[in-house]
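Below: one structure, written as C-alpha cells.
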Amino acid sequence: MMRAAVKVEWLKLRRSRISWLTAAIVGVGVPGLTAGFVAAATRALQNAPLAIKANAMLIGVGWTAYLGLLAQVLSVAAFLGVGIPVAWCFGREFTDHTITGLYALPTSRVTIAAAKCTVLLGWSMALSVLTLAVGLALAPLAGLPALSADALEPAVKVLVVGVNGALLTYPLAFVASAARGYLPAVAGLILIVVVTQVLTVIGVGAWFPYAATSLWAGMGGPAAAAMIAPHHLILIPLTAAAGVAATLWWWHRMQVV
C-alpha cells in the first residue's frame with residue numbers, strides 16, 4: 001500500500017506547476033543569484049553598492065566564499081521554496097474537496113500522509129543536489145578556477161543546508177492539515193520568517209532551528225557561525241520529526257466536517 005501511495009503522491013507533485021516553479025526558482029535562480037553576487041564582488045568597482053553588499057556576505061576566498069554564499073542564500077530559499085509545495089501538498093485535499101474520497105480508499109489516511117512526507121523529502125533532497133550542480137556549473141561566471149579539493153567541504157555544507165531547510169517545513173504539513181487548507185500554512189510560513197528575524201536580533205537564534213541553519217551557513221558572519229554547535233543543529237531533525245508525527249496523528253484521527 002505504501003509503495004502505491006508514494007507513486008500516486010509523486011505523480012501529483014510531478015504534474016503540479018508549483019513543484020516545477022519551485023525547482024526553477026531554487027534550483028536555478030539561487031545559484032544564478034549567487035554567481036551574480038560573486039561576479040559583482042570580484043569584477044565590479046569595489047565602491048559599487050552591489051559589490052559592497054556582496055563582499056559583506058562573502059566569507060573566505062575562491063570556492064569557499066562562493067559555495068559559502070550559495071549556502072547562505074539556500075538556507076532561506078530552501079525553507080521558503082519547499083514550504084509552499086508542502087503547504088499545497090497537504091492542503092489541496094481540503095481546498096479541492098477531495099478529502100472525503102480518501103475515506104473510501106483501501107489505503108489508510110496515515111499511509112497517504114506518510115507517502116506525502118516521503119515524496120516531499122525525496123524531492124527536496126533532489127532539489128538540493130540540483131542547486132549545487134547548477135551552482136558548480138555557473139562557477140566560471142563568477143571567475144572561479146577549476147574545481148578543486150577545497151570545494152568538497154563547502155559543497156557538502158550546501159547540501160546539508162538545503163536538506164535542513166526542507167526538513168523545517170514539515171510542521172507546515174500539520175498546519176495545512178489541521179487548518180484544512182494551504183493558505184493557513186502559507187501564513188504560518190510567513191510568521192516563522194518574522195519570528196526568526198526577531199529571535200536572531202535578540203541573540204537567541206542559535207536555539208531556534210529556523211535561524212540555526214542560516215547562522216551556521218554564515219549569514220550572521222563567521223563569529224555567529226562558529227557559535228552553532230551540533231546540539232543546536234540536532235534540533236532541526238527533531239523539529240521535522242515532531243512535525244511528521246503530529247501530521248500522521250492528525251490524519252489518523254481527522255473527521256469529515
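The values are calculated or read from the model by the stated rules, or taken from the named source; none is laboratory data. Since the structure is predicted, the reported quantities are computational estimates derived from the model, not experimental observations. All Cβ positions, glycine included, derive from the backbone under ideal geometry; neighbour counts span all protein chains shown.
Just one of the listed residues (A179, A113, A149, A155) is more than 14 Å from V82 (Cα to Cα), crowded, with 20+ Cβ neighbours inside 10 Å and not aromatic (F, W, Y), namely A113.
Total residues in the range 218-257 satisfying the condition of being in contact with a Lys or Arg (Cβ under 9 Å, 6 or more places away or on another chain) and closer than 22 Å to L191 by Cβ: the figure is 1. Residue pairs whose Cβ atoms lie under 6 Å apart, separated by 6 or more positions or on different chains, with the first residue in the range 65-91 and touching a residue at least 40 places away in the same chain (Cβ under 8 Å) and on the phi < 0 side of the Ramachandran plot and the second of a type in the set (S, T, N, Q) and not in a helix (DSSP H, G or I), are V82/T169; G83/T169; V86/T169. Would you check if A173 is closer than 25 Å to V160 by Cβ, in contact with a Lys or Arg (Cβ under 8 Å, 6 or more places away or on another chain) and surrounded by 22 or more Cβ atoms within 10 Å (Cβ to Cβ)? Yes: the conditions hold for A173. With the condition kept exactly as written, say whether any residue in the range 225-235 is without any contact (Cβ under 8 Å) to a residue 40 or more places away in the chain and closer than 30 Å to T95 by Cβ. So far as the range 225-235 goes, no, none of its residues is without any contact (Cβ under 8 Å) to a residue 40 or more places away in the chain and closer than 30 Å to T95 by Cβ.
Residue pairs whose Cβ atoms lie under 8 Å apart, sitting 6 or more positions apart in sequence or on different chains, and linking a residue in the range 178-198 that is among the aromatic types (F, W, Y) to a partner that is assigned to a helix (DSSP H, G or I), are Y182/A87; Y182/W88; Y182/F90; Y182/G91; Y182/R92; Y182/T95; Y182/A176. Condition check for A139 on (1) over 30 Å from E9 (Cα atoms); (2) surrounded by fewer than 21 Cβ atoms within 10 Å (Cβ to Cβ): one failure, at (2). From the list W216, W207, W249, which residue is of a type outside the set (D, E), in contact with a helix residue (DSSP H, G or I) (Cβ under 8 Å, 6 or more places away or on another chain), surrounded by fewer than 16 Cβ atoms within 10 Å (Cβ to Cβ) and more than 15 Å from T169 (Cβ to Cβ)? The conditions single out W207. Return yes or no: is L167 over 24 Å from I18 (Cβ atoms) and crowded, with 16+ Cβ neighbours inside 10 Å? Judged against the criteria, L167 is not a match.
Each residue in the range 218-249 was checked for being part of a helix (DSSP H, G or I) and either among the basic types (K, R) or at pLDDT 90 or above (or both), and 19 of them qualify.
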